[in-house]
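The values are calculated or read from the model by the stated rules, or taken from the named source; none is laboratory data. What you see is a predicted model, and the numbers here were worked out from it, not measured in a lab. Here Cβ is always computed from backbone atoms with ideal geometry, including for glycine, and neighbour counts include all displayed protein chains. Side chains are part of the model used for accessible areas, which takes the heavy atoms of the whole protein and leaves out ligands, DNA and RNA. Shrake-Rupley method; radii C 1.70, N 1.55, O 1.52, S 1.80 Å.
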Amino acid sequence: PMLVGELEFIVRGSIGIALGSRHGPTIDLMLARADQALSSAKSAGGNRAVVCDAAIDRAPQPSFDLEAALHNALERGEMRLHYQPVVDPRARRLPRVEALIRWQRGERLLPPAEFISLAEETGVVFELGEWAIAEALQQVARWRLRGVPVETVSVNVHARHLEQAGLVQAVARALAATRLEPSCLELELTETGVMKDVDGALERLQGLRQLGVRMALDDFGTGYSSLSYLTQLPIDTLKIDRSFVRQLGGGRQSEAVVRSILALANALGLSTVAEGVESREQLHTLLSLGCQHVQGYLFARPMPAEELTRWWHAYSRGPRSELGFLVPPQLAAGAAARSTGAGAASGAASGAIVLPPPRTAPGGPEPIYI
(Lines give C-alpha, C1' and ligand atoms only; values in the text may rest on other atoms or scores of the structure.)
Protein backbone atom coordinates (compact mmCIF):
# COMPACT_ATOMS: atom_id res chain seq x y z
CA PRO A 1 0.00 0.00 0.00
CA MET A 2 1.06 3.59 -0.71
CA LEU A 3 0.03 6.55 1.42
CA VAL A 4 -0.80 9.73 -0.53
CA GLY A 5 -1.86 12.44 1.87
CA GLU A 6 -4.46 10.76 4.02
CA LEU A 7 -5.46 8.22 1.38
CA GLU A 8 -4.07 4.70 1.11
CA PHE A 9 -3.75 3.21 -2.38
CA ILE A 10 -3.22 -0.42 -3.32
CA VAL A 11 -1.73 -0.86 -6.78
CA ARG A 12 -2.51 -4.09 -8.57
CA GLY A 13 -0.67 -5.54 -11.54
CA SER A 14 -1.04 -8.22 -14.20
CA ILE A 15 2.06 -9.82 -15.71
CA GLY A 16 2.49 -12.14 -18.68
CA ILE A 17 5.72 -14.14 -18.89
CA ALA A 18 7.22 -16.05 -21.79
CA LEU A 19 10.29 -18.25 -21.41
CA GLY A 20 12.86 -18.76 -24.16
CA SER A 21 16.46 -19.75 -24.74
CA ARG A 22 19.43 -18.65 -26.76
CA HIS A 23 18.20 -20.83 -29.63
CA GLY A 24 14.52 -20.29 -28.90
CA PRO A 25 11.76 -18.41 -30.77
CA THR A 26 12.09 -14.97 -32.33
CA ILE A 27 11.61 -11.74 -30.37
CA ASP A 28 8.23 -11.09 -32.04
CA LEU A 29 7.02 -14.57 -31.14
CA MET A 30 8.22 -14.16 -27.54
CA LEU A 31 6.33 -10.88 -27.23
CA ALA A 32 3.20 -12.48 -28.68
CA ARG A 33 3.41 -15.33 -26.16
CA ALA A 34 3.95 -12.92 -23.27
CA ASP A 35 0.99 -10.85 -24.43
CA GLN A 36 -1.21 -13.94 -24.58
CA ALA A 37 -0.13 -14.85 -21.06
CA LEU A 38 -0.96 -11.29 -19.96
CA SER A 39 -4.46 -11.65 -21.44
CA SER A 40 -4.88 -14.87 -19.44
CA ALA A 41 -3.79 -13.05 -16.26
CA LYS A 42 -6.34 -10.29 -16.82
CA SER A 43 -9.10 -12.77 -17.68
CA ALA A 44 -8.42 -14.60 -14.42
CA GLY A 45 -9.15 -11.45 -12.43
CA GLY A 46 -5.81 -9.64 -12.55
CA ASN A 47 -3.29 -9.03 -9.77
CA ARG A 48 -1.30 -12.10 -10.81
CA ALA A 49 1.47 -13.34 -13.09
CA VAL A 50 0.87 -16.03 -15.70
CA VAL A 51 3.63 -17.93 -17.47
CA CYS A 52 3.13 -19.03 -21.07
CA ASP A 53 2.65 -22.72 -20.29
CA ALA A 54 3.30 -25.83 -22.34
CA ALA A 55 -0.26 -25.92 -23.68
CA ILE A 56 0.10 -22.45 -25.09
CA ASP A 57 3.59 -23.24 -26.34
CA ARG A 58 2.23 -26.21 -28.29
CA ALA A 59 -0.42 -24.05 -29.96
CA PRO A 60 -0.23 -23.83 -33.75
CA GLN A 61 2.68 -21.65 -34.86
CA PRO A 62 0.64 -19.54 -37.34
CA SER A 63 -1.51 -18.04 -34.55
CA PHE A 64 1.59 -16.72 -32.80
CA ASP A 65 3.04 -15.47 -36.06
CA LEU A 66 -0.24 -13.72 -36.87
CA GLU A 67 -0.35 -12.06 -33.46
CA ALA A 68 3.26 -10.91 -33.68
CA ALA A 69 2.73 -9.53 -37.19
CA LEU A 70 -0.48 -7.77 -36.18
CA HIS A 71 1.37 -5.69 -33.59
CA ASN A 72 3.53 -4.20 -36.35
CA ALA A 73 1.00 -4.08 -39.19
CA LEU A 74 0.19 -0.38 -38.79
CA GLU A 75 3.85 0.64 -38.63
CA ARG A 76 4.53 -1.33 -41.79
CA GLY A 77 1.63 0.32 -43.62
CA GLU A 78 -0.15 -2.99 -44.20
CA MET A 79 -3.65 -1.93 -43.20
CA ARG A 80 -6.13 -0.92 -45.89
CA LEU A 81 -9.62 0.54 -45.94
CA HIS A 82 -12.23 -0.62 -48.42
CA TYR A 83 -15.46 1.30 -48.79
CA GLN A 84 -19.01 0.15 -49.43
CA PRO A 85 -21.55 2.72 -50.65
CA VAL A 86 -24.78 3.35 -48.77
CA VAL A 87 -27.18 4.70 -51.38
CA ASP A 88 -30.42 6.61 -51.55
CA PRO A 89 -32.05 5.04 -54.62
CA ARG A 90 -34.29 8.08 -55.02
CA ALA A 91 -31.52 10.68 -55.47
CA ARG A 92 -28.22 11.13 -57.27
CA ARG A 93 -26.29 11.57 -54.05
CA LEU A 94 -24.01 9.48 -51.90
CA PRO A 95 -25.31 9.92 -48.34
CA ARG A 96 -22.57 7.79 -46.81
CA VAL A 97 -19.96 5.11 -47.32
CA GLU A 98 -18.89 2.54 -44.76
CA ALA A 99 -15.16 2.08 -44.19
CA LEU A 100 -14.17 -1.57 -43.69
CA ILE A 101 -10.68 -2.56 -42.62
CA ARG A 102 -8.49 -5.09 -44.46
CA TRP A 103 -4.98 -6.37 -43.80
CA GLN A 104 -2.59 -6.68 -46.74
CA ARG A 105 -0.33 -9.38 -45.33
CA GLY A 106 2.09 -10.27 -48.07
CA GLU A 107 0.12 -11.30 -51.13
CA ARG A 108 -3.05 -12.03 -49.14
CA LEU A 109 -5.71 -9.44 -48.33
CA LEU A 110 -7.15 -10.65 -45.03
CA PRO A 111 -10.77 -9.82 -44.19
CA PRO A 112 -11.60 -8.65 -40.65
CA ALA A 113 -12.96 -12.08 -39.69
CA GLU A 114 -9.39 -13.42 -39.77
CA PHE A 115 -7.80 -10.90 -37.42
CA ILE A 116 -10.29 -8.64 -35.61
CA SER A 117 -10.94 -11.10 -32.78
CA LEU A 118 -7.19 -11.34 -32.24
CA ALA A 119 -6.95 -7.54 -32.29
CA GLU A 120 -9.65 -7.38 -29.62
CA GLU A 121 -7.82 -9.87 -27.40
CA THR A 122 -4.50 -8.02 -27.60
CA GLY A 123 -5.84 -4.46 -27.48
CA VAL A 124 -4.56 -3.60 -30.97
CA VAL A 125 -8.18 -2.92 -31.94
CA PHE A 126 -7.95 0.52 -30.28
CA GLU A 127 -5.03 1.57 -32.49
CA LEU A 128 -6.77 0.16 -35.56
CA GLY A 129 -9.95 2.08 -34.79
CA GLU A 130 -8.19 5.42 -34.40
CA TRP A 131 -6.13 4.82 -37.56
CA ALA A 132 -9.31 3.94 -39.50
CA ILE A 133 -11.04 7.14 -38.36
CA ALA A 134 -8.11 9.36 -39.42
CA GLU A 135 -7.61 7.55 -42.75
CA ALA A 136 -11.33 7.56 -43.63
CA LEU A 137 -11.60 11.31 -43.03
CA GLN A 138 -8.54 11.95 -45.18
CA GLN A 139 -10.16 9.91 -47.94
CA VAL A 140 -13.40 11.91 -47.73
CA ALA A 141 -11.36 15.09 -48.22
CA ARG A 142 -9.66 13.55 -51.29
CA TRP A 143 -13.00 12.39 -52.75
CA ARG A 144 -14.56 15.81 -52.42
CA LEU A 145 -11.63 17.40 -54.26
CA ARG A 146 -12.30 14.94 -57.10
CA GLY A 147 -16.02 15.64 -57.27
CA VAL A 148 -17.27 12.56 -55.43
CA PRO A 149 -19.95 13.97 -53.08
CA VAL A 150 -19.50 11.67 -50.08
CA GLU A 151 -21.56 13.25 -47.29
CA THR A 152 -20.66 10.92 -44.42
CA VAL A 153 -18.17 8.14 -43.78
CA SER A 154 -19.07 5.44 -41.25
CA VAL A 155 -16.30 3.79 -39.24
CA ASN A 156 -16.81 0.78 -36.98
CA VAL A 157 -15.63 1.29 -33.41
CA HIS A 158 -15.34 -1.50 -30.85
CA ALA A 159 -17.59 -0.93 -27.84
CA ARG A 160 -14.58 -1.30 -25.51
CA HIS A 161 -13.06 1.73 -27.22
CA LEU A 162 -15.61 3.83 -25.38
CA GLU A 163 -13.75 2.92 -22.19
CA GLN A 164 -10.65 4.71 -23.50
CA ALA A 165 -10.39 8.35 -22.47
CA GLY A 166 -8.33 9.15 -25.57
CA LEU A 167 -11.04 8.30 -28.12
CA VAL A 168 -12.68 11.73 -28.08
CA GLN A 169 -9.29 13.46 -28.41
CA ALA A 170 -8.27 11.16 -31.27
CA VAL A 171 -11.46 11.97 -33.17
CA ALA A 172 -10.99 15.70 -32.54
CA ARG A 173 -7.42 15.54 -33.89
CA ALA A 174 -8.52 13.67 -37.02
CA LEU A 175 -11.26 16.22 -37.73
CA ALA A 176 -8.89 19.14 -37.17
CA ALA A 177 -6.32 17.63 -39.56
CA THR A 178 -8.86 17.49 -42.43
CA ARG A 179 -10.91 20.59 -41.53
CA LEU A 180 -14.04 18.62 -42.36
CA GLU A 181 -17.34 19.26 -40.64
CA PRO A 182 -17.77 16.85 -37.68
CA SER A 183 -21.09 15.56 -39.03
CA CYS A 184 -19.28 13.92 -41.95
CA LEU A 185 -18.03 11.25 -39.52
CA GLU A 186 -20.37 8.56 -38.21
CA LEU A 187 -19.14 6.02 -35.67
CA GLU A 188 -20.84 2.61 -35.76
CA LEU A 189 -21.24 0.60 -32.57
CA THR A 190 -22.89 -2.78 -32.32
CA GLU A 191 -26.10 -2.97 -30.36
CA THR A 192 -24.83 -5.87 -28.24
CA GLY A 193 -21.57 -4.12 -27.38
CA VAL A 194 -23.21 -0.88 -26.26
CA MET A 195 -25.95 -2.54 -24.28
CA LYS A 196 -23.45 -4.49 -22.16
CA ASP A 197 -22.51 -1.26 -20.37
CA VAL A 198 -24.85 1.54 -21.40
CA ASP A 199 -24.06 3.74 -18.40
CA GLY A 200 -20.33 3.47 -19.06
CA ALA A 201 -20.77 4.26 -22.75
CA LEU A 202 -22.98 7.31 -22.27
CA GLU A 203 -20.22 9.65 -21.07
CA ARG A 204 -17.96 8.97 -24.06
CA LEU A 205 -20.89 9.09 -26.47
CA GLN A 206 -21.92 12.46 -25.10
CA GLY A 207 -18.36 13.70 -25.51
CA LEU A 208 -18.38 12.61 -29.16
CA ARG A 209 -21.79 14.17 -29.66
CA GLN A 210 -20.47 17.48 -28.36
CA LEU A 211 -17.88 17.36 -31.14
CA GLY A 212 -20.74 17.04 -33.64
CA VAL A 213 -19.97 13.45 -34.66
CA ARG A 214 -22.85 11.22 -35.73
CA MET A 215 -23.59 7.81 -34.15
CA ALA A 216 -25.07 4.65 -35.62
CA LEU A 217 -26.31 1.53 -33.88
CA ASP A 218 -25.27 -1.44 -36.02
CA ASP A 219 -26.99 -4.85 -36.28
CA PHE A 220 -30.12 -3.41 -34.70
CA GLY A 221 -32.67 -5.99 -33.63
CA THR A 222 -30.23 -8.85 -33.01
CA GLY A 223 -29.16 -7.97 -29.46
CA TYR A 224 -31.04 -7.19 -26.28
CA SER A 225 -31.69 -3.49 -26.63
CA SER A 226 -33.78 -1.66 -24.08
CA LEU A 227 -36.13 0.94 -25.52
CA SER A 228 -35.66 3.11 -22.44
CA TYR A 229 -31.91 3.20 -23.04
CA LEU A 230 -32.42 3.78 -26.76
CA THR A 231 -34.07 7.09 -25.96
CA GLN A 232 -31.03 8.14 -23.88
CA LEU A 233 -28.30 7.18 -26.33
CA PRO A 234 -27.21 9.97 -28.72
CA ILE A 235 -27.91 7.82 -31.79
CA ASP A 236 -28.62 9.22 -35.26
CA THR A 237 -28.96 6.04 -37.33
CA LEU A 238 -30.35 2.54 -36.90
CA LYS A 239 -28.87 -0.11 -39.19
CA ILE A 240 -31.29 -2.95 -39.85
CA ASP A 241 -29.39 -6.22 -39.58
CA ARG A 242 -28.93 -8.28 -42.73
CA SER A 243 -30.54 -11.31 -41.08
CA PHE A 244 -33.92 -9.54 -41.34
CA VAL A 245 -33.27 -8.18 -44.83
CA ARG A 246 -32.24 -11.62 -46.10
CA GLN A 247 -35.68 -13.04 -45.32
CA LEU A 248 -37.69 -10.29 -47.00
CA GLY A 249 -39.95 -11.71 -49.66
CA GLY A 250 -40.01 -15.09 -47.96
CA GLY A 251 -42.69 -14.44 -45.37
CA ARG A 252 -44.68 -11.81 -43.55
CA GLN A 253 -42.87 -12.14 -40.22
CA SER A 254 -39.56 -10.66 -41.36
CA GLU A 255 -41.42 -7.89 -43.17
CA ALA A 256 -43.32 -7.10 -39.97
CA VAL A 257 -40.04 -6.85 -38.02
CA VAL A 258 -38.52 -4.46 -40.57
CA ARG A 259 -41.70 -2.38 -40.65
CA SER A 260 -41.61 -2.12 -36.84
CA ILE A 261 -37.95 -1.00 -36.82
CA LEU A 262 -38.69 1.63 -39.46
CA ALA A 263 -41.69 2.89 -37.49
CA LEU A 264 -39.61 3.08 -34.29
CA ALA A 265 -36.83 4.98 -36.06
CA ASN A 266 -39.31 7.39 -37.58
CA ALA A 267 -40.94 8.04 -34.19
CA LEU A 268 -37.51 8.77 -32.65
CA GLY A 269 -36.37 10.93 -35.56
CA LEU A 270 -33.60 8.53 -36.61
CA SER A 271 -32.41 7.68 -40.10
CA THR A 272 -32.31 4.05 -41.23
CA VAL A 273 -29.99 1.89 -43.31
CA ALA A 274 -30.87 -1.63 -44.43
CA GLU A 275 -27.77 -3.86 -44.66
CA GLY A 276 -27.19 -6.83 -46.91
CA VAL A 277 -29.50 -5.92 -49.80
CA GLU A 278 -28.71 -8.48 -52.49
CA SER A 279 -31.87 -8.93 -54.56
CA ARG A 280 -34.55 -6.93 -56.34
CA GLU A 281 -37.20 -8.48 -54.12
CA GLN A 282 -35.49 -7.14 -50.99
CA LEU A 283 -35.02 -3.69 -52.54
CA HIS A 284 -38.65 -3.49 -53.68
CA THR A 285 -39.93 -4.39 -50.22
CA LEU A 286 -37.64 -1.96 -48.40
CA LEU A 287 -38.59 0.93 -50.67
CA SER A 288 -42.28 0.18 -50.28
CA LEU A 289 -41.85 0.20 -46.48
CA GLY A 290 -40.17 3.61 -46.61
CA CYS A 291 -36.56 2.67 -45.83
CA GLN A 292 -34.33 5.68 -46.51
CA HIS A 293 -30.96 4.15 -47.39
CA VAL A 294 -29.79 0.71 -48.49
CA GLN A 295 -26.43 -1.05 -48.58
CA GLY A 296 -25.46 -4.35 -50.12
CA TYR A 297 -24.05 -6.35 -52.99
CA LEU A 298 -27.00 -5.44 -55.24
CA PHE A 299 -25.38 -2.01 -55.56
CA ALA A 300 -21.70 -2.58 -54.77
CA ARG A 301 -19.27 -4.69 -52.79
CA PRO A 302 -16.64 -3.08 -50.54
CA MET A 303 -13.89 -1.69 -52.78
CA PRO A 304 -10.73 0.42 -52.68
CA ALA A 305 -11.18 4.21 -52.78
CA GLU A 306 -10.15 4.62 -56.42
CA GLU A 307 -12.56 1.92 -57.52
CA LEU A 308 -15.38 3.58 -55.62
CA THR A 309 -14.67 6.80 -57.51
CA ARG A 310 -15.21 5.00 -60.81
CA TRP A 311 -18.29 3.20 -59.46
CA TRP A 312 -19.89 6.47 -58.37
CA HIS A 313 -19.42 8.17 -61.75
CA ALA A 314 -21.01 5.18 -63.49
CA TYR A 315 -23.88 4.87 -61.02
CA SER A 316 -24.71 8.58 -60.75
CA ARG A 317 -24.87 8.94 -64.54
CA GLY A 318 -26.88 5.76 -65.00
CA PRO A 319 -30.55 5.41 -65.91
CA ARG A 320 -33.62 5.74 -63.76
CA SER A 321 -36.49 3.30 -63.61
CA GLU A 322 -39.97 4.24 -64.77
CA LEU A 323 -40.84 5.42 -61.25
CA GLY A 324 -37.73 7.53 -60.90
CA PHE A 325 -35.40 5.31 -58.88
CA LEU A 326 -31.75 4.96 -59.82
CA VAL A 327 -31.20 1.44 -61.09
CA PRO A 328 -28.35 -0.66 -59.63
CA PRO A 329 -25.58 -1.00 -62.24
CA GLN A 330 -25.97 -4.71 -62.94
CA LEU A 331 -29.76 -4.43 -63.24
CA ALA A 332 -29.39 -1.41 -65.52
CA ALA A 333 -27.06 -3.35 -67.81
CA GLY A 334 -29.44 -6.29 -68.06
CA ALA A 335 -32.54 -4.13 -68.51
CA ALA A 336 -30.85 -1.95 -71.13
CA ALA A 337 -29.92 -5.05 -73.10
CA ARG A 338 -33.51 -6.27 -72.99
CA SER A 339 -34.86 -2.86 -74.01
CA THR A 340 -32.95 -3.00 -77.31
CA GLY A 341 -34.73 -6.20 -78.35
CA ALA A 342 -38.09 -6.64 -80.00
CA GLY A 343 -41.10 -5.62 -77.98
CA ALA A 344 -39.14 -3.31 -75.69
CA ALA A 345 -41.19 -1.47 -73.10
CA SER A 346 -42.37 1.97 -74.23
CA GLY A 347 -40.81 3.59 -71.17
CA ALA A 348 -37.33 2.78 -72.50
CA ALA A 349 -37.81 5.23 -75.37
CA SER A 350 -37.77 8.18 -72.95
CA GLY A 351 -34.65 6.98 -71.15
CA ALA A 352 -36.48 5.17 -68.34
CA ILE A 353 -35.88 1.49 -67.72
CA VAL A 354 -38.78 -0.82 -66.96
CA LEU A 355 -37.54 -3.77 -64.95
CA PRO A 356 -39.33 -7.10 -65.13
CA PRO A 357 -41.38 -7.87 -62.04
CA PRO A 358 -39.72 -9.77 -59.21
CA ARG A 359 -40.68 -13.39 -58.80
CA THR A 360 -43.40 -13.88 -56.21
CA ALA A 361 -44.78 -17.03 -54.67
CA PRO A 362 -48.32 -18.02 -55.70
CA GLY A 363 -50.75 -16.06 -53.60
CA GLY A 364 -47.96 -13.79 -52.38
CA PRO A 365 -48.02 -10.01 -52.22
CA GLU A 366 -48.38 -7.98 -55.39
CA PRO A 367 -44.91 -7.17 -56.80
CA ILE A 368 -43.76 -3.56 -56.59
CA TYR A 369 -42.09 -2.19 -59.71
CA ILE A 370 -39.21 0.24 -59.53
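Report Rg/Rh for the stretch 89-151, rounded to two decimals, where Rg is the Cα radius of gyration and Rh the Kirkwood radius. Rg/Rh: 1.08.
When peptides 26-39, 301-314 are sorted by average Cβ neighbour count within 10 Å, with the highest value leading, the order is 26-39, 301-314. A probe of 1.4 angstrom, applied to the heavy atoms of all protein chains, finds Ile10 with accessible area near 120 square angstrom. Ordering Leu70, Leu264 by accessible surface, largest first, gives Leu264, Leu70; the 1.4 Å probe counts only protein heavy atoms, with every chain in place. For the pair Gln206 and Ala176, what calculated FRET efficiency results from E = 1/(1 + (r/R0)^6), where r is the Cβ-Cβ distance and R0 = 22 Å, to the nearest 0.05? Efficiency computed from Cβ-Cβ geometry: 0.65. Placing dummy labels 7 Å off each Cα toward the beta-carbon, the span from Leu264 to Met2 is 4.7 nm.
The residue list Pro112, Ala159, Gln139 was ranked by how far each Cα lies along the charge dipole of the stretch 100-160 toward its positive end, using unit charges on Cβ atoms, and Gln139 comes out on top. The mean accessible area for residues of the stretch 91-226, using a 1.4 Å probe and ignoring ligands and nucleic acids, is 43 Å² per residue.
Here the stretch 94-230 is treated as a Stokes sphere of Kirkwood radius computed over C-alpha pairs; at 25 °C and 0.890 mPa s its diffusion coefficient rounds to 156 µm²/s. Accessible surface for Thr272 stands near 10 Å², nearest 10, in the context of the full protein assembly shown (1.4 Å probe).
The listed residues Phe115, Phe244, Phe9 rank as Phe9, Phe244, Phe115 when sorted by accessible area, largest first, using a 1.4 Å probe. Taking a ≥ b ≥ c as the square roots of the eigenvalues of the Cα gyration tensor, an a/c ratio of 1.5 or more together with a/b larger than b/c marks the stretch 192-280 as prolate.
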